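Right, one structure below, let's go through it.
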Amino acid sequence: MATKARPTTVGKVVAENRKARHNYEIMDTYEAGLVLTGTEVKSLREGKANIAESYASDEGDEIWLINSYLPEYLQANRFNHETRRRRKLLLSKREINRLRAAINREGMTLVPLRIYFNDRGRAKLELALAKGKKLHDKRETQKERDWNRQKARLLRDKG
């Protein structure tokens, strides 16, 4: 079953979306399973996936990961997968309804943060419910980060 993400049990991180924390204000995170074919899993284990420009969308009673890139597995010959196909996400019915309500009512977005293998060897996706930042919000975050860095340097030098 899909449960909330526990950052302490994250195994090998395969792909990470670093721009997401800069472009979006993260409200809540969820851990979702991925429906993958065999060659996709082998390709993921090589660690060359990319989710930088991907997003999640709700269609019907399901949530899909769209525009994620998993390169072809070179040893698979003719049984290979499409690199940018839509992949179904495995979440509980309650979580899907909660996410759909937040998207429709509050104008939020589903952003994938990272793909990783958990301690049981299953491929998981950390999915975030996020709200887009405006340009002035991004500047404010940058100022705050710089100030915290300067403050840490001052405390380290004085103390």
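Looking at this structure, is LEU113 in contact with a Pro (Cβ under 8 Å, 6 or more places away or on another chain), modelled with pLDDT of 90 or more and either of a type in the set (A, V, I, L, M, F, W, C) or within 30 Å of SER92 (Cβ to Cβ) (or both)? Can you show your working first?
Values: in contact with a Pro (Cβ under 8 Å, 6 or more places away or on another chain): no; modelled with pLDDT of 90 or more: yes; either of a type in the set (A, V, I, L, M, F, W, C) or within 30 Å of SER92 (Cβ to Cβ) (or both): yes.
It is false that LEU113 is in contact with a Pro (Cβ under 8 Å, 6 or more places away or on another chain), modelled with pLDDT of 90 or more and either of a type in the set (A, V, I, L, M, F, W, C) or within 30 Å of SER92 (Cβ to Cβ) (or both).
Step by step: first the residues of region 121-140, then only those that are among the aliphatic types (A, V, I, L, M) and within 14 Å of ALA56 (Cα to Cα), then the one that is surrounded by the most Cβ atoms within 10 Å (Cβ to Cβ). Which residue is that? Going through the qualifying residues, I end up with LEU125. Entry remark, region 109-128: residues being touching a Phe, Trp or Tyr at 6+ places or on another chain (Cβ under 9 Å) and either assigned to a loop (DSSP other than H, G, I, E, B) or of a type in the set (Lys, Arg) (or both) number 1 in total. Which members of region 56-93 meet the condition of being farther than 24 Å from LYS131 by Cβ and among the aliphatic types (A, V, I, L, M)? Listed by number, the residues that qualify are LEU70, LEU74, ALA76, LEU90.
For region 6-58, the set of residues classified as surrounded by fewer than 16 Cβ atoms within 10 Å (Cβ to Cβ) and of a type in the set (Val, Ile, Thr) consists of THR8, THR9, VAL13, ILE26, VAL35, listed by residue number. Of the residues examined, LEU154 is one that is modelled with pLDDT of 90 or more, aliphatic (A, V, I, L, M), loosely packed, with under 15 Cβ neighbours inside 10 Å and in a helix (DSSP H, G or I).
Given the conditions (1) in contact with a Leu (Cβ under 6 Å, 6 or more places away or on another chain); (2) at pLDDT below 90, report the number of the one that THR39 does not fulfil. Every listed condition holds for THR39 apart from (1).
Contact annotation: residue pairs with Cβ atoms under 7 Å, 6 or more positions apart or on different chains, pairing a residue in region 126-145 that is closer than 22 Å to ARG114 by Cα and at pLDDT 85 or above with a partner that is of a type in the set (Lys, Arg) and crowded, with 16+ Cβ neighbours inside 10 Å, are GLU126/ARG114. For region 70-99, taking the residues that are under 17 Å from the mean Cα position of the chain (by Cα) and not hydrophobic (A, V, I, L, M, F, W, C), the one that is farthest from GLU40 (Cα to Cα) is identified as GLU95.
The values are calculated or read from the model by the stated rules, or taken from the named source; none is laboratory data. Note that the coordinates shown come from a computational prediction; the quantities given were computed from them, not determined experimentally. Reconstructed Cβ throughout: ideal geometry from the backbone, glycine too, with neighbour counts over all protein chains shown.
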